[in-house]
Amino acid sequence: KILDQLCIELCKNLGTIDDTEIEIRETFNILTDATMTQAHNIFNNSLKTKLNNASWILGRLKAEQIVANTPGIGDEKFRESLKDKERSLCRQLSYSIQTLQTLANANIEPGSNTDLTFKNLHHLYNIVNNLTKYFSAKSTPQNPAFQAVKFIQVVQLAGKPLKTAFYNLVTSTEEKQNSGRKTDAVALKNKVLKETKFIPKVIYEIEQFNKEILVLGKKSGVPLDSYVKHSITRDFRIKHPQLVEGLERLDPSQ
């Protein structure tokens, strides 16, 4: 968990968006005032690699699930092996969610670093959205396939804490972009739209994740709705006019 520890110390030095007091058990000499921004970028890229791996593993699980359902091929031993892989993926995602939550809470200036954070948030919610669909396809009231593989922990972490960190990052980015800038309107508009173009994509994936969790809960008979917030509009209001315009114009599915 070295990456998570590094991210925690990074937040300690940069400060946190939500003003959380950070306690660190270990310090790293590589993190200095001169390397903070670069370190934030490196940690985000490391997390990007982990998310790419998780996406590949999920694709492999889908293929193995087809084999598990094939008569004469998928025996009990194969299905148990598949369950172990599902559990491993859920643990990996839980770790990545916590790390990304820490990175998203770092009080860093808008720019390429926040852009990469928004990209990772989009990718992560896309993965957990697809993982929810995967478990929906194989769950019944008699067999909620996700319960034995720690998927509920993924839902708990992505459903509220990470989502709140995203909302706070959007608000912080907006406030920093809107404070003390003396530039022409067109340049400001283009810069804001460039730096925040992934926000509507993240919002789209969050809303889809919420919907899929409700579908899974209904199909399996397991109450999952308490783990998610149902509407992004209830949690914060975007005030920056250029950002609002960007959210309205951009197609989140692209």
Self-check item: Karplus (6.51, -1.76, 1.60) ³J(HN,Hα), θ = phi - 60°, over the range 66-73, in Hz, Gly and Pro reported as x
Solution: 4, 5, 4, 8, 8, x, x, 10
Quiz item: Among the listed pairs K85/K218; K12/K197; K50/K160; K50/K138; K12/K176; K77/K150, which are separated by more than 23 Å between their Cα atoms?
Solution: K85/K218; K12/K197; K50/K138
Practice problem: Mind grabbing the base-10 log of I(q)/I(0) for the range 56-189 at q = 0.09, 0.18, 0.21 Å⁻¹? Debye formula, identical points on the C-alpha positions, no solvent, two decimal places. | Solution: -0.38, -0.98, -1.20
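Readers should treat all values here as calculations from the given coordinates under stated rules, not as data from a laboratory. On a predicted model such as this, the values are computed, not experimentally measured, just so you know.
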